[in-house]
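Here is the structure we will look at, set down as structure tokens.
The values are calculated or read from the model by the stated rules, or taken from the named source; none is laboratory data. Note that the structure is a prediction, hence the values are computed from the model and not measured. Cβ sites come from the backbone with ideal geometry, for glycine too, and all protein chains shown count toward neighbours. Please note that ligands, DNA and RNA were not included when accessible areas were found on the heavy atoms of the full protein model with its side chains. Shrake-Rupley method; radii C 1.70, N 1.55, O 1.52, S 1.80 Å.
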Amino acid sequence: MLRKLTVDQINDWFTIGKAVTNVELLGSPPAIPAKVAREETLRKDAAPSPASASTPPGLRRSCGTLTCIIVFRSFSQRSSEIEYINKYRQLEAQEFDMYGSDQPTHRQGPRPSLIKLSNVTCIPETTYTYPDLPINRCKEKVISLIESNSVVIIHGTTGSGKSTQLPQYILDHYVQRSTYCNIVVTQPRKIGASSIARWISKERSWALGGLVGYQVGLEKIATEDTRLIYMTTGILLQKIVSAKSLMEFTHVFIDEVHERTEEMDFLLLVVRKLLRTNSRFVKVVLMSATINCKEFADYFAVPVQNKMNPAYVFEVEGVPHSIEEYYLNDLQHIYRSGLSPCLLEEPLITKDVYEVAVSLIQLFDDLEVKERGNKKSGAQFVSERSSVLVFLPGLGEINYMHGLLTNMVHKRLQVYPLHSSVTLEEQNNIFLSPVPGYRKIILSTNIAESSVTVPDVKYVIDFCLTRTLVCDEDTNYQSLRLSWASKTSCDQRKGRAGRVSKGYCYRLVPRDFWDTCIPDHVKPEMLRCPLGSTILKVKLLDMGEPRALLATALSPPSLSDIERTILLLKEVGALAVSGQREDESPHDGELTFLGRVLAQLPVSQQLGKLIVLGHVFGCLDECLIIAAGLSLKNFFAMPFRQHLDGYRNKVNFSGSSNSDPLALVEAFKVAELYEELKSRVSQFNMYVDPQQPSLDPEYPYKQRFILQVVLAGAFYPNYFTFGQPDEEMAVRELAGKDPKTTVVLKRIPPYGFLYYKQLQSLFRQCGQVKSIVFDGAKAFVEFSRNPTERFKTLPAVYMAVKMSQLKVFLELRVHAAEDIEGKVQGEVASKVRNTRVTVDFQKQTVEPMQVSLNTLDKSQRAADLLLTIQVTEVVEVGHFWGYRTDERNAELLEKLTAEINRLELVPLPVHPHPDMVCLAPFVDFDKSYFRAQILNVSGNSAEVFFVDYGNRARVDLDLLMEIPYPCLELPFQALEFKICKMRPSAKSLVCGEHWSRRASKRFASLVSRCTLLVKVFSVVHNVLHVDVYCCLGALDTINIRDVLISEGHAELAEESYESKTVLHGPFHPYEMKCHSLTRISKFRCVWIDKESINSVIISDTPAELHQRMLVAASLLVNATGSTMLLRETSLMPPIPGLPALLSMLFAPVIELRLDQEGKCYTGVLCGLGWNPVTAAPILPEHDMELAFDVQLGVEDITEINILRAAINKLVCDGPNGSKYLGPGRVMQLQDSARQKLLSLFCQMKPRKRIIPKWHEKPYEWNQVHPKLVMEQADRKGCRGKSALLYQLHKLLVLSP
């Protein structure tokens, strides 16, 4: 029937939409889904209506008329979602209608004045002068606006003073009137809340914790006298969820509301709900620099004079410093050729766009010279180069850009990476002032959008990309995907410049792409991330079904997401599983004791469960450490580009546990989050046992195993197993070598044994190399092992395989095969090329044969390349000729000269020409002839090169003689040298033709008239690349390259590619690859995070055929969903049957499999079970089908049920629940649970091994006849059996 709403009822009725023109409504009040309203707004950008006469200047309203909209877009997919939102918004309106009729309409009683309430001695002075910021120019208007409206939205640019000044205005306003106030201001991050509070206390000369304070985590610097408190968004949300009211505060300032995190959106939802129920007179202020004002104004609309009026929006005009924007269109003078077009569906950074960024950085010097003009001297300009902040989407892109910039040595750049994975020390480097004359370049992900402010940044280069965490639609696992950043985020990035002076922002996308393709706002987390934490808080609020409350969110999640989250919470145990009951709701569930604990903890549900199970099994302290460590990104931070060292340290911490989480326990010192978690769980009667463990020598090992089982329970169903390596093929691959000590290298160059010292050096960072066996194109590197240690795969083997995983280049500087063959005597080369050679570093032998190079030394092994030489000819700096001066070589040359001069020489038979080899006299040796090569002929003389010594001279043509054929058999003895890893410095290039004259003179003085020691680095085209040492005395030597570099003549350089060979490997044939046990992921490719201890897993016992098990704390999938990435993994002990036993222990529901005769159990299906009405699996994605590899019977399943019941006793609600147990009883129950756990796995008689038999209908439930099912009774369970963490499994009767 038609009815009218009273004014009070209209005030209580709260919904989203435009202005209401009709006050007479038939039936339930109509409501518009938020998503539809926003879609209409995006399609039609309606201008805001003019402000009313009563609206202060600087204020605008956003309003309109309530209308019904039908959207015919993917109707089959959207209709149910719109219907669910409509339904619950209408119910909400009715509830507000009923609530309003029962509640008094007058304001609550007056609060006491500030003077009477408090003994605060530090009262703000009214004479305080506020900083000249844009917000200060409209101070009185803003105060008036806040006091006269329930919700106000403040929109102002970064640095306008919203966060720091506006709360002070309100505080001063109330203090001057001796009126009570209690103001809370939220910040998304801890550092933001604490730093602003400290700044205000310092600015106003107030004691921190007096009138102004803060609360972040467990740190609370505030007293009962505090009237302005800054806290994180999560702390405020926790407070109001517990209190179910806002009445503790008079004013609630919510800052950075544009950060549409799940936590932020839920806070807005709760505040909106409470404002219209029990907290009507609390003032709420929303603040942001990049907020979508219309969307938020509509969401917080209030009924005024028969209309739904949106919340007021106040624009703070003005900016601290101007920032100029540029796009790729404006940078055409930098790149010449056309750039690849930007595609909305393919976000990426092309090579040419990287080059644009690099070129842009190089042009900043010219820009600053032009900007500063003649205001500063050249010296001042050089020492004051502004910093650059470059926004990149991830660590891979940071690495690439870092490489491009660090190669520009002459540009004087200091490049710092800023990413959550780099160490804290590396992050702090960005705040350091650069070396005078250098420019600081910060390469950052979106961590610097709002978390970090570097004051000296003047330039921002933005690739307009980000990596967003989303839920994969198929697996519900999280996926980190590359996407275009929103305009909101890009504007936040832009605001990083211009803090202290004029700034510049360069967006490396075309302007038209920015206008038409870049999204305006980031997709809210509530629409793309797991909702577990939010739904648990909804259950604590006790305001109805989760879907009913979430339908009123600013961006309501889809109904399917809510349903899936409910199922996942049941799988974790946060909501009760009632078994195969027909009345079980897929949209809701009863909150368990575990769920209540999880709702109070600032960690994920899996980590919260880890803590609770740690309490059950008496290892709470270790589990608190693990939970705190895994919650902090990269507890083991890997130094930038030092992953191998970081991996080694992490392996050392893990010991033999093969577990990333257990490595945290060993490395843990002090963590703030650990103390916070310990404090929060104490309210649930969970305490760390202060007593020392017993003197049982087995205790540490038992504790470690229990911890591993607890990890498996917490992270169910993230279970993985491994394929078995082919042992026969592996033995052939290793050619009989010990797999525990040996790795394989491939693509060994010809005569690979010549480079054994280089290989030894490459693997020195892994461990001590015992021997290397060269067999054709393969090399087997064997590491030394301690004979007193047990047989196991050496850590050095893991490190070597890790090098291959990290793609560490194993480069050899090599001789060309033809060069070696040209210098090796006789037929040795053809015999040696493919001969198997063993280099034993312990025996210092090279077997089976030794190879001599004539030009080096007949008696020395080929790899002994340390030579003493005399320089005879300098070509240029670092390039020279010489000959060996050792006794053997001197004897050879003396013998050759004597043989030549005993012959009867004859003149040349033909006219001399270049390249002719002949005999020529040398001026310093009277009547002696030497082998020579004619370089050129000029007139009656020729310039010749003495091929055995390396020097040259001009000789009359008449003195040149023919060389007898026998004298050509001996190879030429002169050697050509080039100092390796050196190139001219900039000074040498400017001051000379490649090398300056001073450099040439200095080099000549260093190498002339003295014997040099050279170490051969490589041989390229018969040129020896060497390190050259000059002997200063009996023991002292200097490196000539170091001298030239230190004096500014040269600089370090990379060797040419011609002198390198890149090896493939190392490989290990027993390295294992894992696959998932869950149905949805069974055939997906699985990779283990490179920072995990288990990123390299090598089978120690390939003959053992039982399954090994790996547990992952977190999972990610790639953009296509084809590959899974495992993080923080634990390799479980090699106990036969362990995967099946752990799966049954922690699965919500199981169904045992029987053989055809029904005489034994052959396997098990684990999951959430099946729906008895539809016969469909409840959560099929996470179902796990396992075949037993050991014999398990009724006794084993009964033991599992007994252990599950023991767990329930320590995690249950009710008057006899866990919260009310005494310390003695808790310890008794913990000891009982530990003993039952150990007895389940540590039986006196090992379980019989069997051949796994897979069920004929895998992953199908309800395959057992009901007559065979035995119900289990939990006789001593807690009250409210349906709310137990673990239901008892149903046994199957076996045939005799």
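Answer yes or no: is there a residue in segment 510-529 that is in a loop (DSSP other than H, G, I, E, B) and buried (at least 23 other Cβ atoms within 10 Å of the Cβ). Walk me through it before giving the result.
First, pick out the residues of segment 510-529 that are in a loop (DSSP other than H, G, I, E, B): 510, 517-524, 528-529.
So of that shortlist, the ones also buried (at least 23 other Cβ atoms within 10 Å of the Cβ) come out as none.
No, there is no match, as no residue in segment 510-529 is in a loop (DSSP other than H, G, I, E, B) and buried (at least 23 other Cβ atoms within 10 Å of the Cβ).
Is at least one residue of segment 456-469 in a helix (DSSP H, G or I) and either modelled with pLDDT under 85 or surrounded by fewer than 18 Cβ atoms within 10 Å (Cβ to Cβ) (or both)? Walk me through how you get there before you give the answer.
Going residue by residue through segment 456-469, those that are in a helix (DSSP H, G or I) are none.
There is no residue in segment 456-469 that is in a helix (DSSP H, G or I) and either modelled with pLDDT under 85 or surrounded by fewer than 18 Cβ atoms within 10 Å (Cβ to Cβ) (or both).
Identify all residues within segment 1230-1248 that are free of Cβ contacts under 8 Å to residues at least 60 places away in the same chain and open to solvent by less than 80 Å² (accessible area, probe 1.4 Å); write none if there are none.
SER1232, LYS1236, SER1239, GLN1243
Among (1) crowded, with 18+ Cβ neighbours inside 10 Å; (2) within 32 Å of the chain's Cα centre (by Cα); (3) under 18 Å from TYR1070 (Cα atoms), which single condition is GLN724 missing?
Condition not satisfied by GLN724: (1).
Can you say whether LEU1186 is open to solvent by less than 60 Å² (accessible area, probe 1.4 Å), out of contact with any helix residue (DSSP H, G or I) (no Cβ under 8 Å at 6 or more places or on another chain) and in a strand (DSSP E or B), as far as the supplied structure shows?
Working: open to solvent by less than 60 Å² (accessible area, probe 1.4 Å): yes; out of contact with any helix residue (DSSP H, G or I) (no Cβ under 8 Å at 6 or more places or on another chain): no; in a strand (DSSP E or B): yes.
For LEU1186, the condition - open to solvent by less than 60 Å² (accessible area, probe 1.4 Å), out of contact with any helix residue (DSSP H, G or I) (no Cβ under 8 Å at 6 or more places or on another chain) and in a strand (DSSP E or B) - is not met.
So GLY595 fits all but one of (1) more than 27 Å from SER1218 (Cα to Cα); (2) outside any loop (DSSP other than H, G, I, E, B); what number is the exception?
With respect to (1) more than 27 Å from SER1218 (Cα to Cα); (2) outside any loop (DSSP other than H, G, I, E, B), GLY595 is out only on (1).
From the list ARG983, ARG1009, ARG998, exactly one residue is part of a loop (DSSP other than H, G, I, E, B), among the basic types (Lys, Arg) and closer than 29 Å to ARG1041 by Cβ. Which is it? Don't jump to the end; show me each part of the working.
Working: ARG983 fails: part of a loop (DSSP other than H, G, I, E, B); ARG998 fails: part of a loop (DSSP other than H, G, I, E, B).
Within the list ARG983, ARG1009, ARG998, the selection yields ARG1009.
Take segment 538-567 and flag every residue that is of a type in the set (D, E, K, R) and either open to solvent by less than 40 Å² (accessible area, probe 1.4 Å) or not in a loop (DSSP other than H, G, I, E, B) (or both).
Initially, segment 538-567 is screened for residues of a type in the set (D, E, K, R), giving 539, 542, 545, 547, 561, 563-564.
If the condition is that a residue be of a type in the set (D, E, K, R) and either open to solvent by less than 40 Å² (accessible area, probe 1.4 Å) or not in a loop (DSSP other than H, G, I, E, B) (or both), then LYS539, ARG547, ASP561, GLU563, ARG564 are the ones that fit.
Residue-by-condition table, conditions (1) over 22 Å from THR534 (Cα atoms); (2) modelled with pLDDT of 90 or more; (3) surrounded by fewer than 21 Cβ atoms within 10 Å (Cβ to Cβ); (4) touching a helix residue (DSSP H, G or I) at 6+ places or on another chain (Cβ under 6 Å):
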site: THR233; (1), (2), (3), (4): no, yes, no, yes
site: LEU236; (1), (2), (3), (4): no, yes, no, no
site: VAL241; (1), (2), (3), (4): no, no, yes, yes
site: ASP255; (1), (2), (3), (4): no, yes, no, yes
site: ASP265; (1), (2), (3), (4): no, yes, no, yes
site: ASN278; (1), (2), (3), (4): no, no, yes, no
site: LYS283; (1), (2), (3), (4): yes, yes, no, yes
site: SER288; (1), (2), (3), (4): yes, no, no, no
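If you check ILE1202, ILE1251, ILE1197, ILE1207, which single one turns out to be among the aliphatic types (A, V, I, L, M), open to solvent by 50 Å² or more (accessible area, probe 1.4 Å) and in a helix (DSSP H, G or I)?
Working: ILE1251 fails: in a helix (DSSP H, G or I); ILE1197 fails: open to solvent by 50 Å² or more (accessible area, probe 1.4 Å); ILE1207 fails: open to solvent by 50 Å² or more (accessible area, probe 1.4 Å).
Only one candidate passes the filter, namely ILE1202.
For a quick check of your reading of the model, give me the residue pairs whose first member lies in segment 1167-1195 and is under 24 Å from ASP472 (Cα atoms), whose second is among the aromatic types (Phe, Trp, Tyr) and surrounded by fewer than 20 Cβ atoms within 10 Å (Cβ to Cβ), with beta-carbon atoms closer than 8 Å and at least 6 apart or on different chains.
Pairs that qualify, where the first residue is under 24 Å from ASP472 (Cα atoms) and the partner is among the aromatic types (Phe, Trp, Tyr) and surrounded by fewer than 20 Cβ atoms within 10 Å (Cβ to Cβ), are PRO1177/TYR1259; PRO1180/TYR1259; ASP1183/TYR1259; GLU1185/TRP1254; GLU1185/TYR1259.
Name every residue in segment 385-421 that is at pLDDT below 75 and over 30 Å from LEU480 (Cα atoms), in order of residue number. Full working, then the answer.
Quick first cut of segment 385-421, residues at pLDDT below 75 only: 409-410, 420-421.
Scanning segment 385-421 gives VAL409, HIS410.
Against the definition (of a type outside the set (Gly, Ala, Ser), more than 28 Å from PRO690 (Cα to Cα) and either assigned to a helix (DSSP H, G or I) or modelled with pLDDT of 85 or more (or both)), how does TYR674 come out, yes or no?
Details: of a type outside the set (Gly, Ala, Ser): yes; more than 28 Å from PRO690 (Cα to Cα): no; either assigned to a helix (DSSP H, G or I) or modelled with pLDDT of 85 or more (or both): yes.
When the stated conditions are applied, TYR674 does not pass them.
Filter segment 1155-1171 down to the residues that are out of contact with any Gly (no Cβ under 9 Å at 6 or more places or on another chain), closer than 17 Å to HIS1265 by Cβ and open to solvent by 40 Å² or more (accessible area, probe 1.4 Å) and list them by number.
Within segment 1155-1171, GLN1156, GLU1157, LYS1159, TRP1170 meet the criteria.
Scan segment 307-326 for residues that are more than 20 Å from CYS505 (Cα to Cα) and in a loop (DSSP other than H, G, I, E, B) and jot them down. Give the derivation first.
Here is the first cut: in segment 307-326, the ones more than 20 Å from CYS505 (Cα to Cα) are 307-317.
Within segment 307-326, PRO310, ALA311, GLU317 qualify.
Would you be able to say whether some residue in segment 1102-1123 is of a type outside the set (A, V, I, L, M, F, W, C), assigned to a loop (DSSP other than H, G, I, E, B), surrounded by 22 or more Cβ atoms within 10 Å (Cβ to Cβ) and touching a Lys or Arg at 6+ places or on another chain (Cβ under 7 Å)?
no
Return a yes/no flag: does segment 1040-1048 have any residue that is part of a helix (DSSP H, G or I), more than 47 Å from the chain's Cα centre (by Cα) and crowded, with 18+ Cβ neighbours inside 10 Å.
As a first pass, look at segment 1040-1048 and keep what is part of a helix (DSSP H, G or I): 1040-1046.
Cutting the leftovers down to more than 47 Å from the chain's Cα centre (by Cα) gives us none.
So far as segment 1040-1048 goes, no, none of its residues is part of a helix (DSSP H, G or I), more than 47 Å from the chain's Cα centre (by Cα) and crowded, with 18+ Cβ neighbours inside 10 Å.
Condition check ((1) at pLDDT 90 or above; (2) surrounded by fewer than 17 Cβ atoms within 10 Å (Cβ to Cβ); (3) not in a loop (DSSP other than H, G, I, E, B)) across all residues:
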{"site": "VAL910", "(1), (2), (3)": "no, yes, no"}
{"site": "ASP915", "(1), (2), (3)": "no, yes, no"}
{"site": "LYS927", "(1), (2), (3)": "no, yes, yes"}
{"site": "LEU935", "(1), (2), (3)": "no, yes, yes"}
{"site": "GLY950", "(1), (2), (3)": "no, no, no"}
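Within segment 248-269, which residues are within 23 Å of VAL603 (Cα to Cα) and either assigned to a helix (DSSP H, G or I) or of a type in the set (Val, Ile, Thr) (or both)?
ILE254, VAL257, THR261, GLU262, GLU263, MET264, ASP265, PHE266, LEU267, LEU268, LEU269
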